[in-house]
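Trainee: I have a structure I would like to understand better, so I am pasting it below and will then ask my questions one at a time.
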Amino acid sequence: MTDTVRHIEPAADVLAAFDWELARSWLATPPGDRLNIAFEAVDRHADGPRADTVAMRFLSAAGPPIERTYRQLRDDTDRFAAALGGVGLPRGARVATLLGRVPQLYVAALGALKYGAVYCPLFAAFGPEPVRDRLTLGEVAVLVTTAEAYARKVAPFRDQMPALTTVLVVDAPAPAGTVSWDAALAGAPRRPAGVAPTAPGDAALLHFTSGTTGRPKGALHVHEAVVAHHATAALALDLRPGDVYWCTADPGWVTGTSYGIVGPLTRGVTVVVDAGDFEARRWYEILAEQRVRVWYTAPTAIRMLMRAGDDLPKEYDLSALRHVASVGEPLNAEAVRWGERAIGLPIHDTWWQTETGAIMVANLPGVPIRPGSMGRPMPAVEAAVLERDENGVRLVDGHIRVVTDPEAVGELALRPGWPSMFREYIGDPARYAACFVDGWYLSGDLARRDADGYLWFVGRGDDVIKSAGHLVGPFEVESVLMEHPAVVEAGVIGTPDPLAGEVVKAFVTLRTGYQPDERLRRELIAFGRRRLGALAPRQIAFDQNLPHTRSGKVMRRLLKARELGMPEGDLSTVEAAP
Ligand code: WT7
């Protein structure tokens with residue numbers, strides 16, 4: 001039996017020769033008109049020398065670890081795909097999960113891809129409103145969730161979701177209008193197992209993300225994205241067949257899919273999944289007991305570990321660790337050095353977005369780190385910092401201008417053409433088109449590029465909030481707060497927080513007759529939590545004079561400047577902004 005997983009080292013010669021065609025040749029399916037993410041992640045291993053290797057190991061406080069080998073995962077995902085056939089799901093329809101880090105989530109994700117459906121993860125901590133918006137916008141046809149989540153977050157709005165034909169619940173008893181997961185899989189027709197004949201350009205993954213205005217954006221990715229998932233998992237995360245790997249990102253977000261499921265499985269590693277929330281001691285225990293070799297985590301988690309002290313990790317044997325990387329928010333220089341001091345390895349920052357689908361900028365293994373920098377563009381990725389003014393990227397005669405001064409700040413942009421680039425914001429072609437200017441994809445992030453090509457994150461160019469690594473769209477939060485009878489208007493911003501980076505803060509204007517007191521503040525906090533879940537504001541301030549633009553929109557930029565005690569800028573221009 002030959003091993004189809006290449007030995008790839010992020011060595012200088014490999015990096016120099018790298019292009020997407022080479023990356024394509026590293027997959028098990030020969031280049032052509034067929035490609036399927038689930039085949040590359042699972043089935044290709046299931047009959048080879050890796051068939052009995054543990055593909056996934058699920059840890060939970062509820063009991064002993066659950067292990068699935070590549071062969072078992074192939075069989076599980078076959079069953080789920082057959083169950084989708086059993087309910088008559090058309091190919092290309094959308095299958096969502098609203099689940100914690102339980103085995104069924106991974107089976108549903110890979111089984112849906114195998115069936116030729118589009119997989120859409122939803123974060124389990126979303127409240128009913130964010131869930132409703134995403135299920136309706138995404139025209140989701142099959143939802144896999146729990147009985148409790150269904151009853152509280154989906155059932156009340158089900159009549160608004162004509163596309164939703166099937167709800168599978170992974171626990172018993174299945175409420176009215178749902179089907180039990182076990183029954184659906186047991187009753188699935190025994191059709192010949194196999195992978196749908198998807199083409200590289202067929203839709204595969206739908207990830208919701210947030211912008212400044214309007215509803216969430218559904219970024220659609222295609223099967224060809226696996227070329228980038230695989231290559232970056234090898235080059236930026238240094239994943240080698242046989243490694244034990246832990247990605248702490250929740251699969252409800254893009255990192256947890258690209259690097260919690262797809263990338264690592266294509267590399268033939270053992271993926272550790274922990275169902276629990278952050279707890280410093282347990283995290284060190286997992287690293288030590290699982291003999292984790294590669295660890296992909298996030299700055300908020302690192303800051304929480306830093307707070308737990310440098311002595312704690314000394315109690316654990318972390319000698320298996322070979323590479324540690326981070327993503328999602330700025331990783332400051334101190335955190336990189338903490339890694340060296342406390343766990344014996346520096347933290348390698350990486351940068352990417354829901355839209356890019358895979359790592360675009362990284363401190364690669366073996367390349368000197370500049371602490372505080374996001375690293376350099378991945379090989380085959382062309383990145384630049386573009387001149388910008390308050391209206392966005394600066395165009396001169398219709399063309400963008402690249403920043404050449406290493407001290408100057410501009411907008412981070414990428415040359416389109418990498419395989420995991422999003423192909424659509426579903427239902428919003430204008431918004432998609434607006435991301436591309438003069439041959440560049442605009443990231444919306446502000447950055448600096450030093451003389452050696454290292455990129456330094458400066459901030460976001462928009463009002464979107466980053467809290468504990470998760471994007472929060474202020475509009476989504478404002479809309480829900482304004483549904484409370486006491487609230488006339490709301491302006492939502494991120495306010496600095498030592499652990500989460502930013503937390504969501506809402507400024508609200510009250511309707512006449514309501515008192516801005518502690519009782520109402522608590523009520524609004526609770527209202528937000530009930531309706532929005534993880535997106536809810538942590539702080540509420542009353543403000544009867546919210547600043548507005550001339551067109552009547554709340555000026556979040558000004559709220560933020562005031563909050564930070566920064567100069568408010570030239571108000572005449574801000575007032576005139578659309
Ligand atoms: C935004 C994308 C891609 C996985 C995580 C989230 C911020 C991402 C870094 C970094 C500073 C970062 C940016 C980016 N971000 N990585 N290394 N340093 N900021 O994907 O939810 O789409 O968020 O996260 O602002 O635009 P996402």
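Values quoted throughout were computed directly from the atomic coordinates according to the rules given, and no laboratory measurement underlies them. Since the model is a prediction, treat every value here as computed from it, not as a measurement. As a convention, Cβ positions derive from the backbone with ideal geometry for all residues, glycine included, and neighbour counts pool all protein chains shown.
Trainee: Largest first, please: the extent of the C-alpha atoms of region 299-450 along each principal axis, to the nearest Å.
Mentor: Per principal axis, max minus min of the Cα coordinates gives 60, 36, 27 Å.
Trainee: Convert each backbone phi in region 29-39 into a coupling constant with the Karplus relation 6.51 cos²θ - 1.76 cosθ + 1.60 (shift: θ = phi - 60°), then list the ³J(HN,Hα) values in order as whole Hz, x for Gly and Pro.
Mentor: 7, x, x, x, 9, 10, 6, 9, 4, 5, 5
Trainee: When the Debye formula is applied to the Cα atoms of region 362-507, each taken as the same point scatterer, what base-10 log of I(q)/I(0) results at q = 0.14, 0.16 Å⁻¹?
Mentor: Reported log10 I(q)/I(0), two decimals: -0.84, -1.04.
Trainee: Given H placed on each backbone N at 1.01 Å, which residues far from residue 378 in sequence or on other chains put an amide H within less than 5 Å of it?
Mentor: Here the answer is 361, 362, since their amide H atoms fall under 5 Å of that of residue 378.
Trainee: Which FRET efficiency value, to the nearest 0.05, do you get for residue 136 and residue 389 by plugging their Cβ-Cβ distance into 1/(1 + (r/R0)^6) with R0 = 51 Å?
Mentor: 0.85
Trainee: Assuming 0.36 nm per residue, please report the length gained on full extension of the stretch residue 62 to residue 87 beyond their Cα-Cα distance.
Mentor: My answer for the length gained is 5.8 nm.
Trainee: For a label point 7 Å from the Cα of residue 279 along Cα→C-beta, name the residues of region 313-336 whose backbone N is under 19 Å from it.
Mentor: Answer for region 313-336: 313-317.
Trainee: Another question, then. Tell me, what is the Rg over Rh of the chain, with Rh the Kirkwood radius over Cα pairs?
Mentor: Radius of gyration over Kirkwood radius for the chain works out to 0.95.
Trainee: Give me the dipole magnitude in Debye, nearest 20, for region 473-578 about the Cα centre, with unit charges on the beta carbon: positive for Lys and Arg, negative for Asp and Glu.
Mentor: 240 debye
Trainee: So, one more: Please name which of 4, 106, 27 has its Cα lying farthest along the dipole of the chain towards the positive end, using unit charges on Cβ (Lys, Arg +1; Asp, Glu -1) and the Cα centre as origin.
Mentor: Sorting the options by dipole projection puts first 106.
Trainee: Next question. Would you mind ranking 39, 542 so that the residue whose beta carbon has the fewest other beta carbons within 10 Å leads the list?
Mentor: In order of increasing Cβ crowding within 10 Å: 542, 39.
Trainee: Any chance you could run the full-extension gain for residue 75 through residue 47? It's 0.36 nm times the residue separation minus the Cα-Cα distance, nm to one decimal.
Mentor: Net length gain for the segment: 8.9 nm.
Trainee: As a check on your grasp of the helix formula, calculate [θ] at 222 nm for the chain: sum -39500 (n - 2.57) over DSSP H runs of n ≥ 4, divide by the residue count, round to the nearest 500.
Mentor: -7000 deg cm²/dmol
Trainee: Mind running the shape call on region 267-346? Use the C-alpha gyration tensor, a ≥ b ≥ c as the square roots of the eigenvalues: rounded below 1.5 for a/c, prolate if a/b tops b/c, oblate otherwise.
Mentor: Rounded.
Trainee: Is any residue of region 280-296 close enough, with backbone N under 18 Å, to a label point placed 7 angstrom from the Cα of residue 322 along the Cα-Cβ axis, and if so, which?
Mentor: 287-296
Trainee: Okay, moving on. Where both partners of a DSSP beta bridge lie in the chain, what percent of those bridges are antiparallel, to the nearest 5?
Mentor: DSSP beta bridges in the chain are roughly 60 percent antiparallel.
Trainee: Note the full-extension length gain between residue 562 and residue 311 as 0.36 nm times their separation in residues minus their Cα-Cα distance, in nm to one decimal.
Mentor: 86.4 nm
Trainee: Still on this structure: With label points built 7 Å along Cα→Cβ from the Cα atoms of residue 17 and residue 450, find their separation and express it in nm.
Mentor: 3.1 nm
Trainee: Size of the dipole of region 173-321 about the Cα centre, Lys and Arg at +1 and Asp and Glu at -1 on the beta carbon, nothing else charged, in debye to 20?
Mentor: For region 173-321, the charge dipole is close to 400 debye.
Trainee: Around residue 467, which amide H atoms from residues at least 5 apart in sequence, or from another chain, sit under 5 Å from its own amide H, with H modelled in the peptide plane?
Mentor: 472
Trainee: For residue 388, what residues show an amide H to amide H distance below 5 Å, using hydrogens built from the backbone and excluding near sequence neighbours?
Mentor: Distant-sequence amide H within range of residue 388: 394, 411.
Trainee: Just name one of 253, 73, 461: the one whose Cα is farthest towards the positive end of the charge dipole of the chain (beta-carbon charges, Lys/Arg +1, Asp/Glu -1).
Mentor: The Cα lying farthest towards the positive end belongs to 73.
Trainee: Where Rh is the Kirkwood radius over the Cα pairs of region 84-124, the temperature 10 °C and the viscosity 1.306 mPa s, what D in µm²/s does Stokes-Einstein return?
Mentor: For the chosen part, D equals 154 µm²/s.
Trainee: Still on this model: Mind checking which lysines have their Cα closer than 16 Å to the Cα of residue 560? Skip sequence neighbours fewer than 8 apart in that chain.
Mentor: Excluding near neighbours in sequence, the set is 466, 505.
Trainee: Using alpha-carbon pairs under 8 Å, 6+ residues apart, how would you state the relative contact order of the chain in percent?
Mentor: 12 percent
Trainee: Eigenvalues of the Cα gyration tensor times 5, then square-rooted: what semi-axes does that give for region 100-177, in whole angstrom, largest first?
Mentor: Semi-axis lengths for region 100-177 are 18, 15, 12 Å.
Trainee: If the only charges are +1 at each Lys and Arg Cβ and -1 at each Asp and Glu Cβ, what is the size of the charge dipole of the chain around the Cα centre, to the nearest 20 debye?
Mentor: About 1080 debye.
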